[in-house]
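The structure under discussion appears below in the form of structure tokens.
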Amino acid sequence: MPETIFLNFVDMDLGAITKYSALHAKPNGLILQYGTAGFRTKAEHLDHVMFRMGLLAVLRSKQTKSTIGVMVTASHNPEEDNGVKLVDPLGEMLAPSWEEHATCLANAEEQDMQRVLIDISEKEAVNLQQDAFVVIGRDTRPSSEKLSQSVIDGVTVLGGQFHDYGLLTTPQLHYMVYCRNTGGRYGKATIEGYYQKLSKAFVELTKQASCSGDEYRSLKVDCANGIGALKLREMEHYFSQGLSVQLFNDGSKGKLNHLCGADFVKSHQKPPQGMEIKSNERCCSFDGDADRIVYYYHDADGHFHLIDGDKIATLISSFLKELLVEIGESLNIGVVQTAYANGSSTRYLEEVMKVPVYCTKTGVKHLHHKAQEFDIGVYFEANGHGTALFSTAVEMKIKQSAEQLEDKKRKAAKMLENIIDLFNQAAGDAISDMLVIEAILALKGLTVQQWDALYTDLPNRQLKVQVADRRVISTTNAERQAVTPPGLQEAINDLVKKYKLSRAFVRPSGTEDVVRVYAEADSQESADHLAHEVSLAVFQLAGGIGERPQPGKTFE
Ligand code: 16G
Ligand code: MG
């Protein structure tokens with residue numbers, strides 16, 4: 001080992017690490033994976049993971065010479081669960097090679113801790129003398145406070161500095177990281193900074209709306225009994241001129257994510273408990289850490305209508321395209337979806353809106369990455385997680401146009417400028433998306449039904465299948481085709497042929513030990529049948545365990 005590196009490891013107080021690590025001991029035999037959105041499991045199994053992620057955040061911070069974020073949350077999972085994820089310098093998800101280090105470190109036995117830390121430092125050429133700074137946020141789970149303290153223990157033992165923001169939504173933590181690493185250009189790294197930036201853009205934007213009728217300006221929000229309620233309540237008075245929000249499932253009574261929240265509403269296709277909905281009232285749901293949003297309403301006949309991430313992406317990209325046409329800028333705009341996007345949304349975007357659509361694997365990091373390739377990249381998962389990204393060049397061009405162009409064009413450029421400020425470009429953000437959507441509806445004078453009527457969703461069904469080892473399923477073509485086990489894709493192809501406007505795919509979940517099945521077709525009955533038949537094919541060909549899939553299941 002070269003001498004300099006050796007000296008560096010002396011800087012890392014290995015004795016202290018061993019001592020403190022023993023206070024956050026790993027339960028025997030527990031193996032966890034840094035999955036699609038970090039580690040997630042029962043809260044009581046996570047103390048050692050938190051401590052170790054504190055350590056890892058310090059190494060990542062030293063390596064990137066930037067502030068790194070650590071968020072303690074399990075998003076839409078049940079209240080008893082918890083989780084942790086690291087946020088990279090530009091508010092992005094942790095780089096893939098570091099996900100592997102995270103898994104390695106989380107699963108290391110006590111006696112191997114020092115070796116693993118040294119290995120990571122060597123592989124990543126971490127200069128241990130570099131300063132480190134870590135910011136920490138947590139959701140409202142009862143376990144989160146103690147677990148974030150374990151993160152802090154890890155940060156401190158490696159000599160890192162930290163700022164604990166306490167309770168934050170996940171996207172707010174991404175925002176803080178982004179602000180801190182861009183010298184304040186993006187915004188102020190405080191909760192007031194976040195409220196002020198977004199509210200100012202929202203209020204300026206909605207001032208330009210000609211219709212100011214009350215029906216456009218009030219919204220019911222289901223906060224999943226989570227952090228979104230606290231933050232929206234704090235923020236409300238900053239934008240009250242533009243919108244009045246009525247909060248439900250604000251955590252004062254119910255359990256986090258229990259029978260409410262964006263995930264519940266989307267997967268059960270029904271309204272949350274605890275919210276009274278009159279016909280045609282605009283409603284939305286956040287998930288437990290407020291990075292997802294879906295809208296919905298009841299029509300005059302009492303039928304429930306869901307407006308998911310696909311329709312949100314459609315509204316946003318159409319509006320952005322209109323503004324660009326008005327300004328006379330030919331910037332390239334692209335929409336990024338996953339295999340779960342409803343076929344009707346893809347068709348509408350491509351054929352009616354003439355916007356190019358791209359498909360990536362599930363998980364925000366994949367969509368975010370693809371969206372960065374465009375001047376303006378709008379990405380949304382059907383489950384309501386998404387945002388719009390604007391390249392720096394676009395932002396500068398728009399700001400100039402807002403100063404120079406003549407009247408009508410200037411107005412459009414001003415709007416676009418405000419929209420750029422309103423989107424959280426560090427992460428999909430329920431609060432920010434909600435304000436963008438509300439502003440667009442007000443500016444266009446659209447009711448929720450008119451928005452919904454842009455296109456009709458194809459009926460679809462999602463199911464899950466238990467198998468002995470879900471890794472036997474591998475996929476290609478952005479998860480739309482199964483490569484293994486042999487014969488599975490052929491079986492799916494044959495089943496799909498039996499129905500009209502049909503499509504189906506299977507993929508191993510990144511967050512649960514199951515295989516997910518998705519099917520869509522021209523009628524709900526056909527989508528249900530197809531999903532069931534594909535489930536049976538998975539059960540037979542991919543090592544199903546437990547009970548055979550039964551027909552007639554109505555939700556995953
Ligand atoms: C995580 C992802 C979400 C994805 C979901 C899929 C992030 C921040 N979150 O929650 O984007 O839709 O996993 O779950 O990336 P699955 O793999 O179990 O279907
Ligand atoms: Mg979430």
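The values are calculated or read from the model by the stated rules, or taken from the named source; none is laboratory data. The structure presented is a predicted model; accordingly, all values stated were derived computationally and were not measured. Cβ coordinates were reconstructed from backbone atoms using ideal geometry, including for glycine residues, and neighbour counts include every protein chain displayed. To get the accessible areas, we keep the full protein, side chains included, count just its heavy atoms, and leave off ligands, DNA and RNA. Shrake-Rupley method; radii C 1.70, N 1.55, O 1.52, S 1.80 Å.
Tell me the net charge near M50. Cut-off is 15 Å between Cβ atoms, M50 excluded, with +1 for each Lys or Arg and -1 for each Asp or Glu.
Working: positive: K26, R40, K42, R52, K85, R138, R141, K146; negative: E44, D47, D81, D139, E145, D153, D164.
With Lys, Arg at +1 and Asp, Glu at -1, the neighbours total +1.
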Calculate I(q)/I(0) for segment 1-114 by the Debye formula, one identical point scatterer on each C-alpha and no solvent, and give its log10 at q = 0.11, 0.14 Å⁻¹ to two decimals.
-> -0.37, -0.60
Net charge of Cβ neighbours under 12 Å - reference K26; Lys, Arg +1; Asp, Glu -1 = -3
Apply the Karplus parameterisation 6.51 cos²θ - 1.76 cosθ + 1.60, with θ equal to phi minus 60°, to every residue of segment 489-495 and state each ³J(HN,Hα) to the nearest whole Hz, in sequence, with x for glycine and proline.
-> 5, 4, 4, 5, 4, 5, 5
Per residue, the convex hull enclosing the alpha carbons of segment 269-426 has a volume in Å³ of 133 Å³
Once amide hydrogens are built 1.01 Å from N within the peptide plane, the residues lying 5 or more places from V294 or on another chain with amide H under 5 Å from its amide H are S285
Output the pairs from K42/K197; K311/K354; K200/K231 with a Cα-Cα distance over 25 Å in this structure; if there are none, say none.
-> K42/K197
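So what is Rg over Rh here for segment 330-373, counting just Cα atoms and using Kirkwood for Rh?
On the way: Rg = 10.6 Å, Rh = 10.8 Å.
Expressed as Rg/Rh, it is 0.97.
Work out the FRET efficiency for Q208 and D164 from their Cβ-Cβ distance, taking R0 = 56 Å, and round it to the nearest 0.05.
Values: r = 39 Å, r/R0 = 0.70.
Result of the calculation: an efficiency of 0.90.
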Probe 1.4 Å, all protein chains in place: accessible area of C359 in Å², nearest 10?
-> 40 Å²
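Sequence gap at least 6, Cα distance under 8 Å: using those rules, report the relative contact order of segment 400-448 to the nearest whole percent.
Working: 21 pairs, mean separation 10.2, N = 49.
It rounds to 21 percent for segment 400-448.
About the Cα centre of the chain, how large is the charge dipole given +1 on each Lys and Arg Cβ and -1 on each Asp and Glu Cβ? Please answer in debye to the nearest 20.
480 debye
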Cα-only Rg/Rh for segment 179-245 with Kirkwood Rh rounds to 1.04
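What is the Rg over Rh value, at two decimals, for segment 85-219, using alpha-carbon atoms and the Kirkwood definition of Rh? Before the final figure, lay out each step's value.
Numbers: Rg = 19.6 Å, Rh = 17.8 Å.
A ratio of 1.10.
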Rounded percent of accessible protein surface that carbon and sulfur make up, segment 114-218, 1.4 Å probe | 46 percent
E438 neighbourhood, Cβ < 10 Å, K/R = +1, D/E = -1, net charge +1
Tabulate in residue order the Karplus-calculated ³J(HN,Hα) for segment 81-93, using 6.51 cos²θ - 1.76 cosθ + 1.60 with θ = phi - 60°, rounded to whole Hz; enter x for Gly and Pro.
-> 7, 8, x, 8, 9, 9, 10, 6, x, 9, x, 8, 5
With the cut-off at 47 Å, report for the chain the share of all Cα pairs above it, as a whole percent.
-> 12 percent
Euclidean distance of C-alpha centroids, segment 292-322 and segment 367-443, integer Å = 18 Å
HN-Hα J in Hz across segment 500-508 - Karplus 6.51, -1.76, 1.60, θ = phi - 60°, x for Gly and Pro | 8, 6, 9, 7, 8, 8, 10, 7, x
Can you grab the distance from the C-alpha centre of segment 67-126 to the C-alpha centre of segment 447-523, Å, no decimals?
-> 31 Å
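Do any of K26/K266; K85/K370; K65/K85; K62/K370 go past 29 Å between their Cα atoms, and which? Numbers along the way, then the final one.
Numbers: K26/K266 36 Å; K85/K370 21 Å; K65/K85 19 Å; K62/K370 27 Å.
Beyond 29 Å between Cα atoms: K26/K266.
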